Amino acid sequence: QVQLVESGGGLVQPGGSLRLSCAASGIRFSIYTMYWYRQGPGKEREFVATITSGGSTNYADSVKGRFTISRDNAKNTVYLQMNSLKPEDTAVYYCKAQYAIPYWGKGALVTASS
């Protein structure tokens with residue numbers, strides 16, 4: 001049974017930082033491309049960042065220079081370090097594992113508000 005479990009969300013003031021984690025089980029994690037997506041209030045789900053099995057990364061323009069995606073294959077975990085958070089970063093953040101078919105986590109809420 002495949003499971004992706006996000007953690008690390010919460011409330012942070014604008015300008016603050018959070019680190020999200022996504023722990024995977026039931027898959028051969030090291031061969032999967034991993035993604036972070038987000039869905040803000042009243043918005044569609046959008047791409048945030050991705051990291052390939054080889055470690056190549058790509059980011060949405062809106063988070064480039066502020067967010068960093070990384071992975072630890074020994075821990076079957078992907079991370080999203082979020083710095084200089086803005087109110088518009090408020091969203092539910094989802095991780096996705098993609099190889100032949102995609103698997104999604106249930107999401108973690110991040111709220112950037114004073």
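Some observations on this one:
- If you go through the range 70-110 and keep only what is open to solvent by less than 10 Å² (accessible area, probe 1.4 Å) and either more than 13 Å from Ser7 (Cβ to Cβ) or over 12 Å from the mean Cα position of the chain (by Cα) (or both), you end up with Met82, Leu85, Asp89, Ala91, Ala97.
- The range 34-69, residues that are open to solvent by 60 Å² or more (accessible area, probe 1.4 Å) and among the charged types (D, E, K, R): Lys43, Glu44, Arg45, Glu46, Asp61, Lys64
- Of all residues in the range 59-90, those satisfying the criterion of being on the phi < 0 side of the Ramachandran plot and of a type in the set (Gly, Ala, Ser) are Ala60, Ser62, Ser70, Ala74.
- Any hit, the range 35-42, residues being touching a Lys or Arg at 6+ places or on another chain (Cβ under 8 Å) and part of a loop (DSSP other than H, G, I, E, B): no
- Cβ pairs under 6 Å, 6+ apart, first in the range 14-34 and under 13 Å from Ser70 (Cβ atoms) and touching a residue at least 60 places away in the same chain (Cβ under 8 Å), second part of a loop (DSSP other than H, G, I, E, B) and small (Gly, Ala, Ser): Arg19/Gly8; Leu20/Gly8; Cys22/Gly105
The values are calculated or read from the model by the stated rules, or taken from the named source; none is laboratory data. Since the model is a prediction, treat every value here as computed from it, not as a measurement. Please note: Cβ atoms are built from the backbone with ideal geometry, for glycine as well, and neighbour counts cover all protein chains shown. For the accessible areas, the whole protein counts, side chains as well, though only heavy atoms, and no ligand, DNA or RNA atoms are used. Shrake-Rupley method; radii C 1.70, N 1.55, O 1.52, S 1.80 Å.
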